[in-house]
1. Express in nm, to one decimal, how much length is gained between K76 and S105 on full extension, taking 0.36 nm for each residue of separation and deducting their alpha carbon distance.
2. Hey, what's the Cα Rg ratio for segment 28-131 versus the globular rule of thumb, 2.2 N^0.38 Å?
3. Along Cα→Cβ, 7 Å out, is where each label goes; now give me the distance between the ones at E83 and S113 in nm to one decimal.
4. Tell me, what is the FRET efficiency for T68 and A36 to the nearest 0.05, using R0 = 35 angstrom and their Cβ-Cβ distance as r?
5. For segment 28-131, calculate the relative contact order in percent as a whole number, restricting contacts to Cα pairs under 8 Å that are 6 or more residues apart.
6. Which of W31, W37, W125 comes first, and how do the rest follow, when ranked by fewest Cβ neighbours within 10 Å?
7. What are the ³J(HN,Hα) couplings of segment 123-135, residue after residue, when phi is run through the Karplus curve with 6.51, -1.76, 1.60 and θ = phi - 60°? Round to Hz, x for glycine and proline.
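Quick note: the coordinates plus some simple rules give every number you see, no bench work behind them. If you're wondering where the values come from, they're calculated on a predicted model, not measured in any experiment. Cβ: placed from backbone, ideal geometry, glycine included. Neighbour counts: every protein chain shown.
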Amino acid sequence: MKMKASLMIACMAAFALFAFAPKVPLQQNPWPVPDAWKTKANPVKSDAGSIAKGKELYATHCKSCHGTKGKGDGPKASQLDTECGDFTKATFQAQTDGAIFYKTSEGRKDMPSFKKKIPDAEDIWAVVNYVRTLK
């Protein structure tokens, strides 16, 4: 009887430890980008028009996870298994336009592919131009 009670207490303690422990974000795995995309130049000029178009598309497709200012704090971010990217960080901004385009287009895990949602490649390049402004 004592053994059953001890086992039950140990199980309850383990449950409490995991159920009420603060959520620790999962470490982001490296996101490999093919060399051809790393060196691909953005064919869409970063001007007021493309940035406005990118902002409009960002508001529709990206803001719910990445947040209004690109910090990865959108209302859906807490529901994801992986951390949302923070576009204001130097590590994000250090990526090439081609790498950002590739990741947006292809997606990975919680990050959906946008090549069907935003089928015009120039529009994805416009989103790249917009996220460059989120420093």
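1. Values: separation 29, 0.36 × 29 = 10.44 nm, distance 1.97 nm.
Gain on extension, K76 to S105, equals 8.5 nm.
2. 0.99
3. Result: 2.7 nm between the two label points.
4. Computed FRET efficiency for T68 and A36 comes out at 0.60.
5. Dividing the mean separation by the residue count of segment 28-131 yields 36 percent.
6. Working: W31 14, W37 17, W125 25.
Final ranking by Cβ density, sparse to dense: W31, W37, W125.
7. With the stated coefficients, segment 123-135 comes to 5, 5, 4, 5, 4, 4, 4, 5, 5, 5, 7, 8, 9 Hz.
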